[in-house]
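The values are calculated or read from the model by the stated rules, or taken from the named source; none is laboratory data. Everything numeric here is computed off the predicted structure, so don't read it as measured data. In this analysis, Cβ positions are derived from the backbone assuming ideal geometry, glycine residues included, and neighbour counts consider all displayed protein chains. Side chains are part of the model used for accessible areas, which takes the heavy atoms of the whole protein and leaves out ligands, DNA and RNA. Shrake-Rupley method; radii C 1.70, N 1.55, O 1.52, S 1.80 Å.
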Amino acid sequence: MLLDTASLYFRAYFGVPDTVRAPDGTPVNAVRGLLDFIARLVQDHRPDTLVACMDADWRPAWRVELIPTYKAHRVAEETPEGPDMEETPDTLSPQVPVIEAVLDALGIARAEAAGYEADDVIGTLATAAEGPVDIVTGDRDLYQLVDDARGVRVLYPLKGVGTLQLTDEELLREKYGVDGAGYAELALLRGDPSDGLPGVPGVGEKTAAKLLAAYGDVAGIVAAAEDPRSKVTPAQRKRLLEARPYLAVAPKVVRVATDVELAPFDPALPSTPRDPEALAALAERWNLGGSLERLLAVLRA
C-alpha cells in the first residue's frame, strides 16, 4: 500500500475540526486525522507493506521549466535555491514535521526523493513492485498508474477512507473511456486548472477520449492534425496545431516518473513502535490520544 501522504493529510486537516489541539493550543487535526486514516486503511485492507510517500519537492524545477504555469497559482513564496513555498493553511504547515516525526517513531516507512513529488515516488514503487499494489490518494492524476494486469489500483477516498472508490481499468473505461496508461494523455489534452495545465483549448474530457480512441495517443493525434486527409474537424485541427508546443512537453510533465532513485527503507508494517520513548514523548507533547492508540492497536493485531 502506497500513501499519497500530503493528499491524505490535507483531507484530514479539512475533515477534522481545528479544535483538536495540543496542550499548548496548537492544532493537531491533520496529525490525528492522518493517524486515524492509516489505522482504518490497515484494519480494512491488511497490506503486507505500507509506505508513506512524501513530497520532497511539490513543484519540481524540471517540470516548471517545461510548463512555467505548472502549479504556479499555489506558490506562496519563491525560493531561488528551491523548492518554492507552497500556499498552505497557516495551521497545517507546522503539523507536517510532527506527522513525519510520529511516522518515524512508529516505524512506518517514509519515502521521498529530492527534486521529485510524492507522485513520482509512488510511480517508481508501483512500477517496481512484484505483487499487487493499492495506491491511496485523493489525486486523480495517479489513475495513470492503474494496471489490471499487474494488480495496481487506486483507492480514491469518497468520504474519509472508510468509503473508497476502487479504481481499476474497468472503472476508468466506464468513466473516462481510457485505460490507466491513457489517463495521463487524456489529462494533458483536457488540462487541469488545479495543476496549472492549460490543456488544448476547446478539447474537453469527452473530445479528448474520442481523439484518443481514434488516434491512439497524443503523438497520433498531432500526426492526424497535421494530415489534411484525416477526419479531424477543421476547428480541432486548428486548435491542435496551435497547441503543438504545449503537446510536445506536456507528456513529460504529466506522466509520473517511474525511475526515481530512493534511499533504502523497510516497508514492513511494524507490530510495535520503532522508538517507544520518542513516540510517548510525541503523544504527550501533541495530545495524540485515541488516534495513536487506535493505530497501535491495529498494528498489534
Exercise. Across region 150-164, what is the total count of residues that are open to solvent by 30 Å² or more (accessible area, probe 1.4 Å) and part of a strand (DSSP E or B)?
Worked result: 5
For this session: Run down V260, V222 and say which single residue is at pLDDT 95 or above and in a helix (DSSP H, G or I).
Result: V222
Exercise. Out of (1) of a type outside the set (K, R); (2) in contact with a strand residue (DSSP E or B) (Cβ under 8 Å, 6 or more places away or on another chain); (3) in a loop (DSSP other than H, G, I, E, B); (4) within 20 Å of L145 (Cα to Cα), what's the single condition that is false for G199?
Worked result: (4)
For this session: Return yes or no: is R294 charged (D, E, K, R), within 30 Å of G33 (Cβ to Cβ), in contact (Cβ under 8 Å) with a residue 40 or more places away in the chain and surrounded by fewer than 19 Cβ atoms within 10 Å (Cβ to Cβ)?
Result: yes
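Looking at this structure, is L240 within 30 Å of A149 (Cα to Cα), part of a helix (DSSP H, G or I) and free of Cβ contacts under 8 Å to residues at least 60 places away in the same chain?
Details: within 30 Å of A149 (Cα to Cα): no; part of a helix (DSSP H, G or I): yes; free of Cβ contacts under 8 Å to residues at least 60 places away in the same chain: yes.
When the stated conditions are applied, L240 does not pass them.
Go over the candidates V16, V31, V51 one by one and state the one that is open to solvent by less than 30 Å² (accessible area, probe 1.4 Å), within 21 Å of G289 (Cα to Cα) and of a type in the set (A, V, I, L, M). Before you say what the answer is, go through the steps one by one.
On the way: V16 fails: open to solvent by less than 30 Å² (accessible area, probe 1.4 Å); V51 fails: within 21 Å of G289 (Cα to Cα).
Sole residue among the options that is open to solvent by less than 30 Å² (accessible area, probe 1.4 Å), within 21 Å of G289 (Cα to Cα) and of a type in the set (A, V, I, L, M): V31.
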Exercise. For P198, which of the numbered conditions (1) in contact with a Leu (Cβ under 8 Å, 6 or more places away or on another chain); (2) open to solvent by 60 Å² or more (accessible area, probe 1.4 Å) fails to hold?
Worked result: (1)
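Suppose the filter is touching a strand residue (DSSP E or B) at 6+ places or on another chain (Cβ under 8 Å) and in contact (Cβ under 8 Å) with a residue 60 or more places away in the chain; does A268 pass it?
Taking the combined requirement at face value, the residue satisfies it.
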Exercise. Between a first residue in region 8-19 that is in contact (Cβ under 8 Å) with a residue 12 or more places away in the chain and in a loop (DSSP other than H, G, I, E, B) and a second residue that is of a type in the set (D, E) and surrounded by fewer than 20 Cβ atoms within 10 Å (Cβ to Cβ), which pairs have beta carbons less than 7 Å apart while being 6 or more apart in sequence or on different chains?
Worked result: none
